[in-house]
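Input: a single structure, listed below in structure tokens.
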Amino acid sequence: MTLHTDAERSRALYRGAFAAALDDAAFVTVLKEADLRLHFVLADPGYELSLGPDGVHDRPTPGPALRLELSAATLHEILLGRLPVPRAVVTRRLAVKGPVTRLRLLGDLLPFLGREYARLALPTAH
Amino acid sequence: MTTTAPPATTPHAPTLSDLRALDGAAMPSMFRLPPEVEELRDEVRHYAETVVRPRVLANDLAPADDFDWDTIRKGHELGLLRLTIPKELGGRGVGVLGCAVAMEELAAVCASTALVFGASLLGQTSVLFSGDRQLQSRFLPAFLGDEPVLACNAITEDAAGCDLLIPENAGHAADVMTARRDGDHYVLTGVKRFITNGKVADWAAVFANLEGHEGATGLTVFVVPLDSEGVTRGEVADKMGYRACLGTTLHFDEVRVPEENVIFGEGRALDYLAVQSNQARSIVAAISTGVARAALTIAKDFAGERVQGGKPLHEHQFTARKLAEMSAKVEAARLLYLQAAYQADHMLPAPVYGPAVAKLFADRAAVEVAEEAMSIVGARGYCREYGVEKLVRESFGARIYEGTPEVLALAITGALYGRRP
């Protein structure tokens with residue numbers, strides 16, 4: 001997984017995908033209706049990204065958030081649809097903190113993020 | 001000369017044992033329930049007192065295979081069979097915390113009725129947590145209709161039960177019900193025992209081991225409609241307590257289940273159980289807390305009215321000590337289950353430790369508080385009219401299902417010594 005061995009390269013890739021998704025009005029609508037930020041803590045290679053209707057940030061921003069703790073490689077698999085979120089949880093590759101009863105909303109958001117991520121990542125994947 | 005009247009006893013003074021005390025503005029916010037859970041608690045309390053309580057004795061004395069659909073129907077009208085279904089899917093969306101608080105309220109009147117709802121909600125967890133929208137669209141809408149529909153988990157067999165939750169014991173899985181792959185279906189054969197709601201549920205989350213797999217590596221969860229060809233509902237266990245809910249044998253004889261009914265994929269049952277058991281243990285701890293609270297209430301009322309040696313029982317130091325210890329156990333049990341349920345709603349996977357500790361403590365508290373209530377109420381407590389003997393019988397039940405003290409001890413020490421989270 002050379003895409004995500006370097007923290008800065010990995011961060012730039014996810015940041016780019018998230019920012020592109022925010023250009024889609026439909027995605028922003030879903031995100032606003034969810035009234036929820038997604039805070040990714042990517043322990044490997046070691047950085048954080050916070051996604052909300054107002055943009056992508058490198059640190060947690062105020063407001064209710066689902067904190068998703070996983071590796072950048074696991075997020076790669078989730079966004080490409082290769083690893084369902086519930087399976088990532090039960091196999092302990094993903095830990096979620098926050099109002100987990102709203103985890104279902106991820107299902108509405110992931111297709112947008114996945115589409116943009118695939119567009120950026122797959123042409124360069126090794 | 002004026003005489004001073006003795007201080008009036010206040011047998012119904014508010015105590016922390018009335019969950020409403022958690023509403024008070026004086027309570028720190030960390031101990032206050034969310035508004036929607038407070039509202040639910042009050043609704044469930046009213047239902048329990050007005051619908052469930054008048055039928056408790058009749059249901060307890062009824063033949064083992066009688067089932068009081070009318071009581072369940074009225075609870076369904078309140079939304080008790082869709083508590084954990086998200087609001088956007090038509091449920092009440094109160095999470096494990098709301099579910100647990102509702103179960104305490106029900107169990108304070110009838111633990112057996114609480115278990116009917118609780119077992120169905122835990123059965124739903126498989127479909128809810130799968131995140132699989134085709135499964136959700138097939139199996140959840142029934143809980144939103146006018147008529148009550150129940151679900152159940154089918155885990156226990158002669159050879160295995162909650163011990164499967166201990167990874168070191170998972171070798172037993174080789175002996176459990178088998179599933180054989182046949183094209184785009186699986187074929188399930190085996191016998192499940194003591195399945196709560198098994199007699200009356202529409203479908204079950206069935207745990208079976210795929211043929212040809214070592215140990216628990218093939219243990220898989222299947223959603224099985226119980227009207228499938230090859231499913232037979234067997235005898236109902238004639239239990240000493242929890243008589244309003246039916247524990248049934250389910251026979252599976254070459255039952256064909258489509259592959260889309262598999263939860264999480266092949267061999268994922270233990271992973272799923274680790275998540276589901278945290279919810280289950282929080283909810284059972286709440287039921288035990290309700291049983292303990294009911295016993296405390298009966299003992300408190302009796303000790304406030306019964307006069308011996310010229311003063312009420314509760315003014316006798318030995319009885320006062322008993323009541324104080326009972327109160328402490330109820331309060332501690334409640335705080336532990338609230339904490340465990342909160343964790344289940346805010347952490348995935350939830351840590352095993354909190355729910356296991358909550359259930360271990362609350363189950364024991366229920367047994368001890370019910371026994372002390374019996375000793376305070378005396379001969380009347382030994383008779384059916386006060387309801388204490390039912391609480392004693394049911395307090396032992398919760399120590400068996402969803403984790404015996406022995407299994408919980410292994411889970412807790414596993415966490416203490418870092419063998420598992």
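Based solely on C-alpha atoms, express the radius of gyration and the Dmax of the range B:19-144 in angstrom.
So, for the range B:19-144, Rg and Dmax equal 15.5, 48 Å respectively.
Using the 10 angstrom Cβ neighbour count as an exposure proxy, how do B:Val367, B:Val206, B:Val176 rank, fewest first?
With the fewest neighbours first, B:Val367, B:Val206, B:Val176 line up as B:Val367, B:Val176, B:Val206.
Could I have the simple spin-label model distance between B:Arg181 and B:Asp253, label points 7 Å from Cα toward Cβ, reported in nm to one decimal?
Spacing of the two 7 Å Cα→Cβ label points: 2.8 nm.
Share of Cα-Cα pairs in the range A:2-124 beyond 26 Å, in percent?
Of all Cα-Cα distances in the range A:2-124, 9 percent exceed 26 Å.
How do B:Phe302, B:Phe252, A:Phe40 rank when sorted from fewest to most other Cβ atoms within 10 Å of their own Cβ?
A:Phe40, B:Phe302, B:Phe252
Ignoring everything except DSSP H segments at least 4 long, calculate the 222 nm mean residue ellipticity for chain B; use -39,500 (n - 2.57) per segment, divide by total residues, nearest 500.
When only DSSP H runs of four or more count, the value is -15000 deg cm²/dmol.
Tally Lys and Arg at +1 and Asp and Glu at -1 over the other residues with C-beta under 13 Å from the C-beta of B:Val187: what net charge comes out?
Overall, the nearby charge balance is -4.
Past the 24 Å Cα-Cα mark, which pairs from B:Lys192/B:Lys239; B:Lys74/B:Lys329; A:Lys97/B:Lys359; B:Lys329/B:Lys359?
Correct reply: B:Lys74/B:Lys329.
Run the numbers on chain A and let me know its relative contact order in percent, using alpha-carbon pairs under 8 Å that are six or more apart.
Rounded, it is 29 percent for chain A.
FRET efficiency for B:Ser137 and A:Thr91, Cβ-Cβ distance as r, R0 = 22 Å, nearest 0.05?
0.30
Could you name the lysines in cross-link range of B:Lys322, using Cα to Cα under 21 Å and dropping any fewer than eight places away on the same chain?
B:Lys300, B:Lys311, B:Lys390
If r is the Cβ-Cβ distance from B:Leu57 to B:Gln308 and R0 is 25 Å, what FRET efficiency results, to the nearest 0.05?
0.35
Going by how many other beta carbons lie within 10 Å of each one, how would you line up B:Met103, B:Met177, B:Met240, B:Met347, fewest first?
Ordered by Cβ neighbours within 10 Å, fewest first: B:Met240, B:Met347, B:Met177, B:Met103.
Over all pairs of distinct alpha carbons, what does the Kirkwood formula give as the hydrodynamic radius of chain B, in Å?
Averaging 1/r across every pair of different Cα atoms and inverting gives 22.1 Å.
Among all helices in chain A defined by DSSP H, which have a length of 18 Å or more along the axis from Cα atoms plus a Kyte-Doolittle mean of at least -1.0?
A:7-22, A:106-121
For every other residue with a beta carbon closer than 12 angstrom to the beta carbon of B:Trp69, add +1 if it is Lys or Arg and -1 if Asp or Glu, then tell me the sum.
0
Mind checking which of B:Gln124, B:Gln339, B:Gln134 has the largest fluctuation in a GNM of chain B, springs on alpha carbons under 10 Å?
Comparing B:Gln124, B:Gln339, B:Gln134 in the GNM, the peak value goes to B:Gln134.
Report the dimensions of the range B:151-269 along its three principal axes from the alpha-carbon atoms, largest first, rounded to Å.
Between the extreme Cα coordinates on each principal axis of the range B:151-269 lie 39, 33, 21 Å.
Taking the Cβ of B:His314 as the center, what net charge do the other residues with Cβ under 15 Å away carry, scoring Lys and Arg +1 and Asp and Glu -1?
0
State, to one decimal in nm, how far the label point of B:Asp70 lies from the label point of B:Ser375, with both points 7 Å from Cα in the Cβ direction.
According to this spin-label approximation, the distance is 4.0 nm.
Could you tell me what a quarter of the Cα convex hull surface of the protein assembly as shown works out to, in nm² with one decimal place?
Approximately 29.3 nm², given one-decimal rounding.
Between A:Asp44 and B:Ala328, what FRET efficiency comes out of the Förster formula 1/(1 + (r/R0)^6) with R0 = 30 Å and r the beta carbon distance, rounded to 0.05?
Plugging the Cβ-Cβ distance into 1/(1 + (r/R0)^6) gives 0.05.
Report the gain in length on full extension from B:Leu335 to B:Thr217: 0.36 nm times residue separation, minus Cα-Cα distance, nm rounded to one decimal.
38.8 nm
A short reminder: the numbers here are calculations on the coordinates, not readings from a lab. Keep in mind it's a predicted model, so treat the numbers as computed, not measured. All Cβ positions, even for glycine, are placed from backbone atoms using ideal geometry, and neighbour counts span all protein chains on display.
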